[in-house]
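The values are calculated or read from the model by the stated rules, or taken from the named source; none is laboratory data. Note that the structure is a prediction, hence the values are computed from the model and not measured. Glycine also receives a Cβ, built like all others from the backbone with ideal geometry; neighbour counts cover every protein chain displayed. In case anyone asks, the SASA skips ligands and DNA or RNA and just uses the protein heavy atoms, side chains included. Shrake-Rupley method; radii C 1.70, N 1.55, O 1.52, S 1.80 Å.
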Amino acid sequence: MTHIVDRRLNGKNKSAVNRERFLRRYRHHIKKAVSEAVQKRSITDIERGEKVSIPARDIQEPTFHHGPGGRREVVHPGNQEWVAGDTIAKPEGGGGQGQGQGQASPDGEGMDEFAFQITQEEFLEFLFDDLELPNLARKKLKDTEAFSYVRAGFTSQGVPAKLDVVRSLRGAHARRLGLGGARKKKIKDLESQLAALRTAPDDLDPAFSHADQIKVLEEEIARLKANVKRIPFIDEIDLRYRQHRKQPKPATSAVMFCLMDVSGSMTQMHKDIAKRFFILLYLFLKKNYKKIEVVFIRHHTSAKEVDEEEFFYSRETGGTIVSSALKLMHRIIESRYSPAEWNIYAAQASDGDNWNDDSPVCSKLLADSILPLVQYYSYIEITPQDHQMLWYEYEKIMAQFPQSFAMQQLADPGDIYPVFRQLFERKVA
């Protein structure tokens with residue numbers, strides 16, 4: 001058996017690298033555990049981590065072993081009964097008396113499962129892994145702070161971490177060929193002359209005999225070989241380091257408008273479901289997009305742009321005029337978010353209640369002023385009852401703009417995550 005021992009210096013974050021590798025390998029099991037956890041939690045508790053269990057059979061490493069049957073010649077240490085050459089009968093199947101019997105867990109969890117804890121960030125990553133903002137397009141670069149490092153050739157100076165070993169050795173080999181090639185060729189010629197001189201008859205010249213000529217050639221060959229040996233295997237001039245330069249990375253500028261009805265027809269149950277939907281949406285945006293802005297608009301008879309705290313937790317009452325929120329959204333787009341530079345998205349939550357005369361106005365505003373400017377508009381109606389006028393007006397809009405408008409109904413908190421996935425699932429090209 002071959003044993004491989006890794007003696008490289010271990011950094012303090014080696015376990016983090018191993019953890020990332022483990023999470024990639026068992027992604028399917030973890031995503032399944034995360035999906036099950038979502039069904040058991042409230043949306044306000046969605047951020048914490050989760051305990052994940054993986055069956056032991058799924059984390060076994062591949063091994064080489066003998067197959068069934070065949071002939072094996074082996075005597076184990078400590079054997080007192082058998083000797084080399086004995087034939088051992090094959091045991092009958094089903095007679096195993098292993099210790100695995102009677103080891104069932106009383107709480108329902110098998111003893112052959114591997115359990116571990118994933119962090120909050122890892123939980124959100126798996127939760128939103130296959131979701132995205134639909135129709136996201138590359139717009140004009142705006143106030144980006146994202147940069148990426150790209151290769152910019154090689155340099156003779158740098159840090160050891162960027163040393164290109166192959167290119168450095170290639171340069172060292174070329175240098176040795178350049179400096180020692182001529183000497184080696186001359187050594188080869190002199191060795192040929194020396195061999196010919198040793199086999200040639202002595203010319204009996206007392207002034208310069210064969211022995212003198214051989215000695216001169218041997219000394220010259222020794223001198224040249226010494227010069228070749230003094231050529232270093234690798235020198236500082238051979239070292240080449242990878243060079244990188246920092247260049248701006250095209251970032252996508254996106255803005256999400258969150259519109260919520262806070263009128264008197266929205267009961268506390270309706271408002272709670274709407275808040276949970278927008279909290280889930282907000283977590284999704286914050287997790288996946290660093291360069292995205294969120295605009296919060298609350299409305300009853302009038303609309304107002306508010307901050308995150310007031311949007312989620314402030315309480316108001318009154319009638320309902322949905323068009324006020326759509327008009328405010330359109331004004332904000334015109335003043336701050338040019339469609340040429342921004343990907344614009346909108347999510348609206350309401351119980352469907354609206355003044356009857358206002359619903360056609362909402363439909364006209366969406367069709368003529370808003371949907372031509374946005375990438376995607378999603379509407380959720382929070383009601384277990386029959387639909388009202390606003391829903392039927394929006395159905396006409398969805399038939400007219402099937403690629404950029406979507407709508408779903410929510411009846412209870414358990415529908416939030418499935419509906420959210422339907423609205424923002426990643427479309428396969």
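Protection proxy ranking for 175-187, 294-306, using the average of other Cβ atoms within 10 Å per residue and placing the highest first: 294-306, 175-187. Net charge in the neighbourhood of Asp351 (other residues with Cβ under 10 Å of its Cβ; Lys, Arg +1, Asp, Glu -1) is -2.
Placing a label point 7 Å from the Cα of Ser302 along the Cα-to-Cβ line, the residues of region 341-355 whose backbone N sits under 20 Å from it are 354-355. Take the Cβ atoms of Arg421 and Glu310, set R0 to 30 Å, and the FRET efficiency comes out at 0.60. Summed over the residues of region 278-332 and divided among them, the accessible surface reaches 47 Å² per residue at a probe radius of 1.4 Å.
Here the accessible area of region 224-312 is 49 percent carbon and sulfur, with a 1.4 angstrom probe and all protein chains present. Solvent-accessible area of region 323-429 (1.4 angstrom probe, protein heavy atoms only): carbon and sulfur portion equals 51 percent.
Label sites at Glu81 and Tyr149, each approximated as a point 7 angstrom past Cα along Cα to Cβ, lie 6.4 nm apart.
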